[in-house]
1. Starting from the residue with the highest accessible area, list Glu456, Glu922 in decreasing order, probe 1.4 Å.
2. Quote the accessible area belonging to Tyr670 in square angstrom, nearest 10, computed with a 1.4 Å probe and with ligands, DNA and RNA left uncounted.
3. What is the spin-label model distance, in nm, from Arg932 to Arg13 if the labels are put 7 Å beyond Cα along the C-beta direction?
4. Work out how much length Leu63 to Asp596 would gain on full extension: take 0.36 nm times their residue separation and subtract the Cα-Cα distance, in nm to one decimal.
5. Loop only per DSSP, at most 11 neighbouring Cβ atoms within 10 Å: give me the trypsin sites (Lys or Arg not before Pro) in the range 655-727, ordered by residue number.
6. Sort Ile241, Ile134 from largest to smallest accessible area, using a 1.4 Å probe on the heavy atoms of the protein chains.
7. How many nm is it between the label spots at Lys701 and Thr680, if each spot is 7 Å from the Cα in line with the beta carbon?
8. Can you tell me the relative contact order of the range 187-232? Whole percent, Cα pairs under 8 Å, sequence separation 6 or more.
Amino acid sequence: MVHNAFDSRQILRDCPARIESVGLWGPRLLLGCIDGSLRIYAPEETVEVLPSDSEVTVPTYTLKDTRIGFAKKAVTHMDVLQSRGLLVTLSDAVAIHTLPEFEVVSYLTKTKGAAMYCWDEDRGLLAVAKLKRIFVYRYDGSRGFTETKDLPAPDTVNAMAWCSGALCLGIRKEYIIMNINTGVTVEVFSSGRSANPMIVSLPNGNLLLGKDKIGVIVDHNGKPTEDGGLSWNEIPAGVVIHPPYALARLSRHVEVRSLKAPHGLVQMLPLSNIQLLLSSDAGLIAATESTIHRILPVPIPVQVVQLSASGNFLDALALCRMLPPEDAALRASKEDAIHIRYGHYLFEQGEYVEAMDHFGASSLDLTTILSLFPSVKLPSLVSPVSGDVFSDGHPIGTPTERSRAGLSTDEDTSPSATQAESSKLQDVQQRKIALSALAGFLSSRRRDVIAKAEAEETDAAVAAMVEASPVAKRNSEKLSEATFDKRLNEARQLAIVLDTALVQALLATDQSQAALKLLKGANYCDIAPCEEMMLAAGHYLELIELYKSHQMHPQALRLLNTLAEKPDSFAVPPEDSLELRSQNILDYLKAIGSLDPTLVLESSNWILKNNVEETMKMFAGYNPPLPINQVLAYLKKNFPELRVLYLEHMLGQHADAAPAELQNELLQLYLTRVLEERSTKVAEGKWDERDHSEAREKLLKVLQNTTAYSPDRILQRLPVDGLYEERAYLLGRLGQHRLALTLYAHKLHEADLALAYCDRVYTTATAGRKAGKPTSRTILPPVDSGAMNIYLTLLEVYLKPKAAVREYDRSLMTLAPARTFAGARPSPQQQQRTRGGVAKKIAEIEGAEESKFSFSSAESAAESSRSDTEELVEGPTTSSEDLMLDDALRLLSRRWDRLDGAQALRMIPSDTKLNNLLPFLEPLLRTSSESRRNSAVIKSLHRSENLQVREELLQCRKRVVKMNSDRTCSICRKRIGTSVFAVYPSGTLAHFVCYRDSGVSRPAVGSVAAGF
């Protein structure tokens, strides 16, 4: 960094006496000379203060006054205390003079022979070094100084400065820090081999300590700071500070360096033979033995222009921060211009991250910044921006400032800069680096931009509600489109531009996960440019998320299905597998839920062909579920074979809450399939009632495990000459246990199935009884006699087969023919044939009393199975071969504990051998005997317990009262003596008369006994 930070002007020449010290007192110049005189110079023109910068013409100084004999010796040091109106000088001793009288108000006698002093303006302390002593004086406010400390020094003091209430001393070739309260010293480091100690206070409280040609910056504890040090061209004779610069007095010139790391050289002022440098609030002075030069700082705006023109933008920004608060607007404008130019410069150099930081700190709008990235497509609402804005749109400095900085008044533009950048970004690697920096920049700004956009939308919504209110409608019939467009104002537009560019930048730099995360949340991406970029680059998942975030579900699902069905139709074919594409469609359909059933169904064609199982799980897993009728109608039209699978999944997912219509529909579909299979096998002569196909197994499972279907509707579709097991399940659901058992026993000839049926019915009935176990306030539910006697019913079916079969045949009269559906009316001819075919059998059994029977009449007939008619018909004619005696005996031996033994024995044929009944009678009799003995024992125990309770009662009723002459009445407190008395349950006594008159049993509550 080399620029003109200062200008020097000679303001005095040919001083008659050698100048030893200089002081600035307002516009006046005080010179302490070697002859002990004080010479006062002032400008020819009347000014209140000296000019502070080189932009103002410096006046000529003339001698106004000479005070001969001001001091006995040469005035070697001088300080003007402007705020206190005092002048401190050092000649033979330290003296304090008043201003403007120059009268001595304090002469510090003990300082005679002192070599130096230093003044602490903040604390009002004056430290004076004399040989190996340090004297500390405090200003008392009345122009007097009071000695507070007299401290010994390790050796003669060569340099001295205040440091946060302590003194930093240069002794011989060493620096030490002395605590003025305790006198304790701490060594710092040496001043080098050839240089004398030099100590300079810095504005921030640190110190600059000279060490040969280096100025080391240390803190108040003497520890070097991270700023390092200033490296001079030679050992300086003295250094003064004028923020942000340090000026060193060298042999042939004054060297100016920056106080900010890396402390580069700023300027070389051509001033030789300088004996003294002075920096004060009034300005900078450089003095030789006979001349005075005024060092004037160049105005900061001009320095800023110089630094910017030379490419030292960071130093220019640092200088801008030094502008006074009253120039805040000027500072902001210059910083903004510097940030823009510096950002543009960094962008040209390929330092994109730093460039984005400076663009972000400037007033550039986002659209202008994005114009540097031709590959980023912007929304249509954004107008194109010219790249010249970086050159001539933000000049640094006024024409006058640029002229003083040595530049032309026209900003040096580079018309081909934007073209150079664009060609540079044609390189893929460079473009990725630039877009990565852009993505980071946009991400850092996104939160604030989105927050403002959301707040803006909220305000617009509130305003719309107010305008739509009845009061507002009286003034305006409806909200115009122009008013709505105005609401799409700056904050939302900025959010649209930012999100649109950010998504493109992330995808272009292979940050797909970050892009997906953004798209899955609320975003303001513009569809058209993002869609174009994503399709061209093959970012299909990101495009789907973009559609989804904008509620464009039809477009998203259309893209997903096209990717699955026609992947070759895209410019960049998808790389994922067919299974993954199928899963993507399923995931999307699951995500949108059942809000749009039509869209879900229409978008499921491809996955229904390629992933049926998962699709059905999805259909059944929706909560709330898809409309079942709509799904079934869609499947019936497009995929009729999948209706069963869909209903199976629905029952599996919603078994507890499945509606009856659903179960009926599934049963009807199962039954249709079973009937078709049966028709085919019957035609082929391969039908076997015991064979169970997959469809029949499912039908039986549904019949057994579900309860919400309508049995009568299913029964009417069953053939009379087959599917007996299904009919048995349905009859059981209707409570027609006898008919169901007849099918198992005499149609299917499956004794095990009949026994399993009985076990199921009996277990269900007993479980209901246990669940309804009575308490002291409940009543047992009514007993289902048919269920509890189910084993007797099966025994009767075994032993009276003809009656059971006839009853089953009669029950078929209540159902429609096998090939008619439930609810269809039979033709007259069918009715006539049915009546004619069955009338004869009915007449034989019941004398043609009725022409049709219901299920309830059949059950009544079963319960009255021992009627005279049945005994007449079956009793004498049934042969032993017709009976299922073996099955009956096996039933008795296996379930003897669940039926009434007496009734069972009455049903057994009289010619049955006793040996065959042993498996039944032996456990029955043994259990009965044990039960009788147990009952007798329990009866004895209850009787014994009753007697014990009675004995305890008699003991409780016995009352014994011990009476003597000292017992008193608990009411009147007099002796009872021989009077009639009453005894309370608690044992207390009272006169009978007192007890009767009181009417209240105060001592105790209970019965009262009277005694004499």
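The values are calculated or read from the model by the stated rules, or taken from the named source; none is laboratory data. Please read these numbers as outputs of a predicted model, since none were measured by experiment. Positions of Cβ are generated from backbone atoms using ideal geometry, with glycine treated the same way; all protein chains shown enter the neighbour counts. Surface areas here come from the heavy atoms of the whole protein model, side chains and all, with no ligands, DNA or RNA. Shrake-Rupley method; radii C 1.70, N 1.55, O 1.52, S 1.80 Å.
1. In descending accessible area the options line up as Glu922, Glu456.
2. The value for Tyr670 is about 10 Å².
3. Inter-label distance under the simple model: 15.6 nm.
4. 181.9 nm
5. Sparse-neighbourhood loop trypsin sites (Lys or Arg not before Pro): Lys686, Arg690.
6. I get Ile241, Ile134, largest accessible area first.
7. 2.0
8. Relative contact order, the range 187-232: 28 percent.
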